[in-house]
Amino acid sequence: MFFIITVLGYIAAAGSLYWLLFGRQSSVVASAAPSVLWLQQKSGSLEPQVPPTQSDESWKTAWKATWKAVRHDVMLSIWSSGIFAVCASVMTSLYVLGYTRLYMTPEKYGFAYLGFSLLMVIFLQDTYFYFTHRLAHHPKCYRWLHRGHHHSNNPTPWTAFAFDPAEALVQALYLMGAVCLIPMHISVLCAVVLVMTMGALFHHISLRLFSASAFGDWLGSWIVGPTHHWFHHRRYTVHYGLYFTFWDRLLGTHTSGYADILSPEKSSLAFGEAEVSGAEASEAEASGSEASELKTSEAESSARDAGMVRTPPVLTALPSSEAKTVPFSSPLKKAS
């Protein structure tokens, strides 16, 4: 039952958001961007190109690559849903047996504690995620713990829960531990799950969420948004946070000015130059290759022509000269 609920919830949430942003024929981003991005990658231009009609081969190839990436993310998410469902069943059993700190009456600890416990659980989750996420990028862990999530350089809402089984278990263990150690009202648990779900979806929409204003820039500098996490999908050794940029800033994995790099003025509706696939970039990063910069080459062009282009449409994008991976750095010391 938990598995069915989890899968249906994932399909409904990710599918609705994907359709809303990219699937509607009335959406400018959806209707033009796949073919525009395909032409931009073919030409290496940062300027929008005139999109071909839907009967043209380039448009069909772009959408074929899009659905190939979506299919990968959906299949991986179904595996993750199975892990989450098993953990939810275990949590339920622990609650019935009296091994959790969950409670039903808000008066037990007072109403003020409801808000405090929610903020505490979210902050602790952000801390847990930062260090486990950074560890997952270690070359010895990456292939079996985190590689699947980085299959696409340009994530979609379908990517939100596309975890390798081991990583899904690692993330589920946090919530299991939290309900056993921290007094938590059932409404707080539901709120945490909702924040987790909505956060994961919006982090992977590949669109700019915070406005280009003083307040938007300030908010985006402390709260993890789509552009902050999208930058991580291009540069694997920065931006490991889940909700806040606190740990990234403290431990030197925050990229100052990333919003400027992704600004529409620099790269509106463009990927930049041709890029290698997410899987290829992952291999380069995991092996510690010095030639890990994503730049146009004959090999990359062949991979691109073979349908390894990564979409969805993005309103802002990182020029390929900025998209690179650098060697893993210990989470216990600041990056230079």
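The table for this structure:
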| item | result |
| --- | --- |
| Stretchable slack from I223 to F116, in nm (0.36 nm times residue separation minus alpha-carbon distance) | 36.6 nm |
| K60/L8 FRET efficiency (R0 25 Å; Cβ-Cβ; nearest 0.05) | 0.25 |
| Under-5 Å amide H pairs with L102, H placed in peptide plane, nonlocal only | M184 |
| Peptides 239-252, 140-153 ordered by average Cβ neighbours within 10 Å, highest first | 140-153, 239-252 |
| Using a Förster distance of 22 Å, the FRET efficiency for V96-C190 (Cβ separation, nearest 0.05) | 0.80 |
| Packing-based ranking, highest mean first, of 171-179, 156-164, 190-198 given that Cβ atoms within 10 Å are counted | 156-164, 171-179, 190-198 |
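Only the coordinates and a few stated rules stand behind these numbers; no lab work does. Since the model is a prediction, treat every value here as computed from it, not as a measurement. Neighbour counts run over all protein chains shown; Cβ positions are idealised from the backbone, glycine included.
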